[in-house]
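The values are calculated or read from the model by the stated rules, or taken from the named source; none is laboratory data. As the structure is a computational prediction, the values presented were derived from the model and not from experiment. Cβ placement follows ideal geometry from the backbone for every residue including glycine, while neighbour counts extend to all protein chains displayed.
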Amino acid sequence: MTSEVSQDWKSIVHRCFRCGYCKFTHSYSDFNCPSYKEYKFETYSTGGRMWLIYGLINNDLKWSQDLANVLYACPTCGNCTENCKFEKFKGFLVDIIEAARAEAFNNGFCPENQKFLLERTRNSNNYNPYGEKNSDNSELKKKYNLPEKAEWVYYIGCTSNYRQQDLRDATLRLLKKAGIDFTLIDEHCCTSPLIRTGQNEIVPDFINYNINQIRNAGASKVITSCAGCYRTLKKDYEKFGADLGFEVFHTGELIKKLLKEGKIKILSNYENIVTYHDPCHLGRHMDMYEVPRDIIKSIPGIKFIEMKRNRENAWCCGAGGGVKIGYPDWSVEISKERLEEAKETGATVLTSMCPFCRTNLSDANKKFNMGFEIIDLIELIDQLEIEVND
Amino acid sequence: MNYLNKDEILTQLEKISGRDFVSNKTGDLFIYSQDPGASESRPVDFVVLPKTVEEIQKIVKLANSEKIPLIPMGGGLTLSGLIIPVRGGIVLDLKRMNQILEINELNRYALLEPGVTTGMLKAYLSENYPELQPPIPDAPPSATIAGNMLIHGSGSLSQKYGCHSSMINGLEVVLPTGEIGKFGSCAVSEYWFSKGPIPDLIGLFTSAFGTMGIITKISIKLFPRPKFRDMIFGFTKGFSDLPKLMSKITFTELAEDIMIAKGDVPEAYKNFGMLMVYFAGNSKDEMEFKRKTIEKIFKDHKAQVVPLVGKARERLMAEPQYGAALAADWRKGGGFEYVGSFIPLEKIPEAIEKGTTISRKYGLLTSLLFRLIGRGHAVMFSVTFPFNRSDSKDMINTRKGLEDADKMILEIGGIPWKAELTGQKLILEKMDPNFKKLFNNIRNIFDPNGIMNPGNWEVQ
Ligand SMILES: Cc1cc2nc3c(=O)[nH]c(=O)nc-3n(C[C@H](O)[C@H](O)[C@H](O)COP(=O)(O)OP(=O)(O)OC[C@H]3O[C@@H](n4cnc5c(N)ncnc54)[C@H](O)[C@@H]3O)c2cc1C
């Protein structure tokens, strides 16, 4: 397994024209790149970043903290990839930013705030970016009476295990209720925060470790309720040369399947006005837009209203790409814009399918007193009465 | 001569516009010292993003006392380096001044700040005034309305209504001395509805490339948006009949936009011109009538109509036509520049012949485009030069090609449009000496310290 992503990006980065389509929504109604909208200098558009990176490769520029900061002030939400008009190039934009961050790190210019992620994660007491003592999940296994080996592994992810435990518990209850043959493993961080911030040093070891744990559990399928873990397990592990040998699903996919096959049915009414926020790691990064909507539509009594910017056009919550830890104030400002948009729908409940989005949207909800109930869709389902059919 | 050192100037600018909106950081200066075209990079001292007219006035006063050049910038997308300073100085990126101040539906105008982008105005009207449309170019949506109007831009309404500069009703300008000037009906009335009837000084600011002041408000004409829009696509064999064919179509008064493209690929199409005629209407019957009438003219002139479907149709119907940007990847190199020009209609065949010769001389796939302006009163003609930014030889080749194309256009009686520095020099060489003298005198009156985008339109 290689420890670095492909170096090809150096030979294509000059192909960005800096035409600026990447800054917008589909209809051009507004700038949809959080970084450009905040910092406003052309430097902070994806085109600006591509040109800086090319300048660095070409030795027109020298690495400095200021330049590295420009590369890091981006939640890598993928709006640029979505709106770039160059089909042969657009798919690489976020990868190039991440690869350039790795160069920044190697040159000693990873910003201080983000360095914590690596320090905490590599600490053998933690193996997670929150600096919490590692949980081997044996308590949970006991509590839920889970086997040593099973068809499925529920990969909890650090945010759900150490911050959004409600989501973890809701997922566990749902899987149990639905009679899924699953177990848990002693996880290391999936390494999403490290890859996103270019700190790839320990990534291959962690990938190996997690894959071995999953294999040892005899699982052929992995499920996760975390959009970040999902993207990383499904997309990045292979990019780092790993051979998974198992399939990766988001919990939403399993719920949708069970609903469709009639294995579960939602019985109780949920009479609220609800809107849905597309997590970037699930939407633009993984193309999963309809799964959550199909689930929502199967809930009796729900009134679902879309935000103006939805699906491929969604405004990012601002937590990704190391922005939450690197730029905490700006990060919640980005979420504030999302909540203001959610207000326009008349919804009282804002749901999503990513613990990271949930954290940031909740932080903004509290800080700006926006009065929403913010809840992960899995938790929402868990609150409802469900009929299980064999 | 400068009196303050750079740090002191930075401090002054920060006092005016706030620290977050002033920069002399290496990365920012690097980006603003270039544009996506083929111009060489040229140094920038500061980038400022002002928010108000008052801030701009203060910056202009500072620039006068320190004799620092000021370069106004909208989207920075002309490709001809017009927003890259020639003598250093302050780039004024106007994107924070992005308010749509008024849409006057009945009198059909929009009053805008200079940072309003073509994309945003289009989306705003579609959502709030679906019966109106703005004149926009096929430039990427971050091009500003002001930047485009000020350079004699053109777009999908230009054949019917004229080039975009002719659609300006009024301007508010921070003049190079820092005073505020109002031009057009707004100088007399609270309505920004018309250029006249007073002496028309608005022309002093169009194609001036930021040398006459900083436009802080612009009123533009809006146009009805018919319910349906469609196009006829076809080919002509040979080029000599094109002026007559085009003229015939304009005489019907039925077309919104008329374009001709000429390429070398595929080989079999080398001697063909590709025709695109756009039309619009409010009923199916009206559309049918227009289609039949225009197609008959195609037939009379032995032009073949080809039905377009799928991605090709989607691209050509898009507003803006995003396909225009894709030339930047033809040489897998992240850029292109075109010599645009205004030529008389009768010169289309000659322009095709000479444009093709130049493209081949420089080893390029020929890519020529014509867009009729104002019912055939002029034609926008362009020769496109895609390049590979990572290949310095290719860049030199491109710059030479652009110069050759400028010369060719002047030779056939056309005028390079939004010309880069070399093109401007060539135009000035051919320009009537009295025009030049008068222009220079006016410029000196407006801008006694020569602070506005110096190096452009420089009459020696
Ligand atoms: C892919 C592509 C397609 C294009 N297609 C077209 C097309 O179909 N039609 C067309 O007309 N053009 C086209 N262009 C050219 C160009 O992008 C547009 O004309 C564009 O609208 C210019 O606007 P801007 O905001 O980018 O202007 P800028 O480049 O920012 O400015 C243009 C000039 O105006 C000056 N200026 C800008 N704002 C002010 C102000 N407030 N006060 C004083 N001076 C100011 C600048 O100093 C500069 O000299 C195309 C470009 C590209 C890249």
Unique match (being farther than 24 Å from B:THR236 by Cβ and of a type outside the set (Gly, Ala, Ser)) among B:ASP329, B:ASP300: B:ASP329
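Within the group B:GLY340, B:GLY401, B:GLY335, which residue is touching a Lys or Arg at 6+ places or on another chain (Cβ under 8 Å), within 16 Å of the ligand (Cβ to nearest atom) and either assigned to a helix (DSSP H, G or I) or over 30 Å from A:SER11 (Cα atoms) (or both)?
Values: B:GLY401 fails: within 16 Å of the ligand (Cβ to nearest atom); B:GLY335 fails: either assigned to a helix (DSSP H, G or I) or over 30 Å from A:SER11 (Cα atoms) (or both).
The unique qualifying residue is B:GLY340.
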Condition test on A:TYR21, is it farther than 30 Å from A:TYR209 by Cα, at the interface with chain B (Cβ under 9 Å from one of its Cβ atoms), at pLDDT 95 or above and in contact with a Pro (Cβ under 7 Å, 6 or more places away or on another chain)? yes
Matching residues, region B:270-297, being surrounded by 14 or more Cβ atoms within 10 Å (Cβ to Cβ) and either in a helix (DSSP H, G or I) or not assigned by TED's automatic domain parsing to the domain that holds B:THR252 (or both): B:GLU286, B:MET287, B:PHE289, B:LYS290, B:ARG291, B:THR293, B:ILE294, B:GLU295, B:ILE297
Considering only region B:193-214, state which residues are outside any loop (DSSP other than H, G, I, E, B), in contact (Cβ under 8 Å) with a residue 40 or more places away in the chain and of a type in the set (A, V, I, L, M). B:LEU204, B:ILE214
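Checking the condition more than 14 Å from chain A (Cβ to nearest Cβ), within 24 Å of B:SER165 (Cβ to Cβ) and in a loop (DSSP other than H, G, I, E, B), which residue from B:LEU82, B:LEU77, B:LEU111, B:LEU101 passes? Step through it out loud before you land on a result.
On the way: B:LEU77 fails: more than 14 Å from chain A (Cβ to nearest Cβ); B:LEU111 fails: in a loop (DSSP other than H, G, I, E, B); B:LEU101 fails: in a loop (DSSP other than H, G, I, E, B).
Of B:LEU82, B:LEU77, B:LEU111, B:LEU101, the one residue that is more than 14 Å from chain A (Cβ to nearest Cβ), within 24 Å of B:SER165 (Cβ to Cβ) and in a loop (DSSP other than H, G, I, E, B) is B:LEU82.
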Quick check on region B:237-258. Is at least one of its residues assigned to a helix (DSSP H, G or I), within 16 Å of the ligand (Cβ to nearest atom) and modelled with pLDDT of 95 or more? no
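What are the residues in region A:31-59 that are acidic (Asp, Glu) and within 7 Å of chain B (Cβ to nearest Cβ), if any?
The answer is A:GLU42, and nothing else.
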Any idea which of (1) farther than 30 Å from A:ARG49 by Cα; (2) outside any strand (DSSP E or B) is the one B:LEU369 doesn't satisfy? (2)
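State which residue is farthest from the other protein chains (Cβ to nearest Cβ) when the search covers only region B:1-39 and only residues that are aromatic (Phe, Trp, Tyr) and either surrounded by fewer than 22 Cβ atoms within 10 Å (Cβ to Cβ) or free of Cβ contacts under 8 Å to residues at least 40 places away in the same chain (or both).
The initial filter retains those residues of region B:1-39 that are aromatic (Phe, Trp, Tyr), namely B:3, B:21, B:30, B:32.
Right, trim to either surrounded by fewer than 22 Cβ atoms within 10 Å (Cβ to Cβ) or free of Cβ contacts under 8 Å to residues at least 40 places away in the same chain (or both) and you get B:3, B:21, B:30.
Details: B:TYR3: 27, B:PHE21: 7, B:PHE30: 6 Å.
So the residue we want is B:TYR3.
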Among what's in region B:40-54 and is touching a strand residue (DSSP E or B) at 6+ places or on another chain (Cβ under 8 Å) and either within 14 Å of the ligand (Cβ to nearest atom) or within 14 Å of another protein chain (Cβ to nearest Cβ) (or both), pick the residue that is farthest from A:TYR36 (Cα to Cα). B:VAL53
Restricting to region B:298-332, and then to whatever is without any contact (Cβ under 8 Å) to a residue 24 or more places away in the chain and not in a helix (DSSP H, G or I), can you tell me which residue is surrounded by the fewest Cβ atoms within 10 Å (Cβ to Cβ)? B:VAL309
Could you grab me the full set of residues in region B:117-148 that are among the polar types (S, T, N, Q) and either more than 12 Å from the ligand (Cβ to nearest atom) or within 13 Å of chain A (Cβ to nearest Cβ) (or both)? B:THR117, B:THR118, B:SER126, B:ASN128, B:GLN133, B:SER142, B:THR144
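In this structure, is B:ALA146 of a type in the set (A, V, I, L, M), part of a loop (DSSP other than H, G, I, E, B) and not assigned by TED's automatic domain parsing to the domain that holds B:PRO72? Don't jump to the end; show me each part of the working.
Working: of a type in the set (A, V, I, L, M): yes; part of a loop (DSSP other than H, G, I, E, B): no; not assigned by TED's automatic domain parsing to the domain that holds B:PRO72: yes.
Taking the combined requirement at face value, the residue does not satisfy it.
Of all residues being among the aliphatic types (A, V, I, L, M) and near the ligand (Cβ under 9 Å from one of its atoms) in region B:197-214, which is surrounded by the most Cβ atoms within 10 Å (Cβ to Cβ)? Just the residue, please. Show your work before the answer.
Here is the first cut: in region B:197-214, the residues among the aliphatic types (A, V, I, L, M) are B:198, B:201-202, B:204, B:208, B:212, B:214.
Now drop any that are not near the ligand (Cβ under 9 Å from one of its atoms), which leaves B:208, B:212, B:214.
Details: B:ALA208: 20, B:MET212: 23, B:ILE214: 27.
Applying the filter and picking the extreme gives B:ILE214.
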Within region B:327-351, which residues are over 22 Å from the mean Cα position of the chain (by Cα) and within 17 Å of B:LYS244 (Cβ to Cβ)? B:GLU346, B:PRO349, B:GLU350
Single residue of B:PRO114, B:PRO176 found to be within 9 Å of the ligand (Cβ to nearest atom) and closer than 26 Å to A:GLU42 by Cα: B:PRO114
Residue check, A:LYS149 modelled with pLDDT of 95 or more and within 14 Å of chain B (Cβ to nearest Cβ): no
Does A:LYS239 meet the test of being in contact with a Ser or Thr (Cβ under 9 Å, 6 or more places away or on another chain) and under 30 Å from A:GLY108 (Cα atoms)? yes
Got at least one residue in region B:91-101 being more than 8 Å from the ligand (Cβ to nearest atom) and more than 30 Å from B:THR11 (Cβ to Cβ)? yes
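Could you say whether any residue in region B:376-388 is in a helix (DSSP H, G or I), in contact (Cβ under 8 Å) with a residue 60 or more places away in the chain and either in contact with a Pro (Cβ under 8 Å, 6 or more places away or on another chain) or surrounded by fewer than 21 Cβ atoms within 10 Å (Cβ to Cβ) (or both)?
Start the filter on region B:376-388 by keeping residues that are in a helix (DSSP H, G or I), which leaves none.
Within region B:376-388, none of the residues are in a helix (DSSP H, G or I), in contact (Cβ under 8 Å) with a residue 60 or more places away in the chain and either in contact with a Pro (Cβ under 8 Å, 6 or more places away or on another chain) or surrounded by fewer than 21 Cβ atoms within 10 Å (Cβ to Cβ) (or both).
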Filtered residues of region A:126-155 (kept if within 23 Å of the chain's Cα centre (by Cα) and among the aromatic types (Phe, Trp, Tyr)): A:TYR127, A:TYR130, A:TRP152, A:TYR154, A:TYR155
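Are any residues in region A:355-390 farther than 25 Å from A:THR171 by Cβ and either surrounded by fewer than 14 Cβ atoms within 10 Å (Cβ to Cβ) or not aromatic (Phe, Trp, Tyr) (or both), and if so, which ones? Break it down into steps so the answer makes sense when it comes.
Start the filter on region A:355-390 by keeping residues that are farther than 25 Å from A:THR171 by Cβ, which leaves A:367-371.
If the condition is that a residue be farther than 25 Å from A:THR171 by Cβ and either surrounded by fewer than 14 Cβ atoms within 10 Å (Cβ to Cβ) or not aromatic (Phe, Trp, Tyr) (or both), then A:LYS367, A:ASN369, A:MET370, A:GLY371 are the ones that fit.
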Report whether or not A:SER352 is crowded, with 18+ Cβ neighbours inside 10 Å, within 22 Å of A:PHE24 (Cα to Cα), not assigned by TED's automatic domain parsing to the domain that holds A:PHE249 and not aliphatic (A, V, I, L, M). no
Take the residues in region B:85-96 that are closer than 14 Å to B:ILE59 by Cβ and in contact with a strand residue (DSSP E or B) (Cβ under 7 Å, 6 or more places away or on another chain), then tell me which one is farthest from the other protein chains (Cβ to nearest Cβ). B:GLY89
A:ILE295 is checked against (1) more than 17 Å from the chain's Cα centre (by Cα); (2) free of Cβ contacts under 8 Å to residues at least 40 places away in the same chain and fails just one. What number does that condition carry? (2)
Condition set at the interface with chain B (Cβ under 8 Å from one of its Cβ atoms) and of a type outside the set (Val, Ile, Thr), scope region A:63-93, selection surrounded by the fewest Cβ atoms within 10 Å (Cβ to Cβ): answer is A:LYS88
